Amino acid sequence: MKFILLFFAIHWFSSLFFQTFFLHRYASHKMFTMSSFWEKFFYLMTFITQGASFLNPRAYAIMHRMHHAYSDTEKDPHSPHFIKDVWGLMMKTKGIYLQYAKYKTEPEPEFRDRYPTWAFMDKVSDLWSVRILFGVGYFMIYYFFAPSLWWYLLLPAHLFMGPLHGAIVNWCGHKYGYANYDNDDHSKNTIPLDLLMLGELFQNNHHKSPNRANFAKKWFEFDPTYPAMVVMNYLGIIHFRRT
């Protein structure tokens, strides 16, 4: 049981870290710069940690930029205020995501930019055989270490880890919590110490200052991802942009 819980925690937080650090703060908002070597390194780590649910950085970034531009309006790719449940939110998000990931649709001019791309990795990650292989790997870990069949109920979370994180953030972060700022939308800070989602649930703060690397604003708020970024900036792995 302890091994399964540890495996779930490692997969949850590693996948989430690279989603918030690489896909969100770097690919979408360009809060910092990095060399081509480090960009490919974090691209690869995002693929490894998200596994079966890997999200294409370009498609993710385009859709997220649309989310900010149309926040909580009918044109928002994933506003919970125009969708009746979390499943519907995930399905709508998937449809828009596939336009840019699978069908290579060109976004509107205001969302065209230099996004991280790696043709080889994009091709490999999109193969069903690769996604199935990740799924088999998750299953085998449960097969050997799960103490009972009840633990297998966690397997869907592993298979859809990336979209699951996005659904939690976009649903909860625009419905529940408190607001420090009037952003002319429904963005909320769900909890002041966002350890579970590594800072992603400071949506109200983030929509106020989209390019600010630290999502926490008030003295009682804490964004766990930001200190890791400060260390990487100090080591020269990334370089913060001035905002």
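Values in this text are rule-based calculations from the coordinates and carry no lab data. Bear in mind the structure is a predicted one, so any value in this text is a computation, not a measurement. No Cβ is skipped: glycine too gets one built from the backbone with ideal geometry, and neighbour counts run over all protein chains shown.
For the stretch 122-214, would you read off the P(r) tail past 15 Å as a percentage of all alpha carbon pairs?
Value for the stretch 122-214: 69 percent of Cα pairs lie more than 15 Å apart.
Residue separation times 0.36 nm, minus the C-alpha to C-alpha distance between residue 81 and residue 136: what's the value?
Once the chain is fully extended between residue 81 and residue 136, it gains 16.2 nm.
Full-extension gain between residue 41 and residue 231, please, as 0.36 nm times their residue separation minus the C-alpha to C-alpha distance.
66.7 nm
For the chain, what is the charge dipole size about the Cα centre, in debye to the nearest 20, if Lys and Arg each add +1 at the Cβ and Asp and Glu each add -1 at the Cβ?
The calculation lands at about 380 debye.
Once you've got the Cα coordinates, tell me which of 102/217; 40/188; 94/175; 30/175 are over 30 Å apart.
Where the Cα-Cα span goes over 30 Å, the pairs concerned are 102/217; 40/188.
In 5 Å bins starting at zero, report the fraction of Cα pairs in the stretch 90-169 per bin as a rounded %.
3, 11, 16, 19, 20, 13, 8, 5, 3, 2, 0
In Å and on Cα atoms, what radius of gyration and Dmax does the chain show?
Taking only Cα atoms of the chain, I get Rg and Dmax of 17.7, 53 Å.
Return 169, 136 ranked ascending by Cβ neighbour count within 10 Å, so the fewest neighbours appear first.
Placing the least packed residue first, the sequence is 136, 169.
With r as the distance between the Cβ atoms of residue 193 and residue 149 and R0 = 30 Å, compute the FRET efficiency 1/(1 + (r/R0)^6) and round to 0.05.
0.30
With the contact rule set at Cα under 8 Å and sequence spacing of 6 or more, what percent relative contact order holds for the chain?
Computed value for the chain: 24 percent relative contact order.
Of all alpha-carbon pairs in the stretch 31-102, indicate the percentage at a distance above 17 angstrom.
53 percent
Please report the Cα spread of the stretch 198-239 along all three principal axes, rounded to whole Å, starting with the longest.
30, 19, 16
Run through the stretch 26-71 and list the trypsin sites (Lys or Arg not before Pro) located in a DSSP loop whose Cβ has at most 15 other Cβ atoms within 10 Å.
30
Which semi-axis lengths, in whole Å and largest first, follow from the square roots of five times the eigenvalues of the Cα gyration tensor of the stretch 1-121?
Value: 24, 21, 13 Å, ordered largest first.
Which of 223, 72 has the fewest other C-beta atoms within 10 Å, and how do the rest follow up to the most?
72, 223
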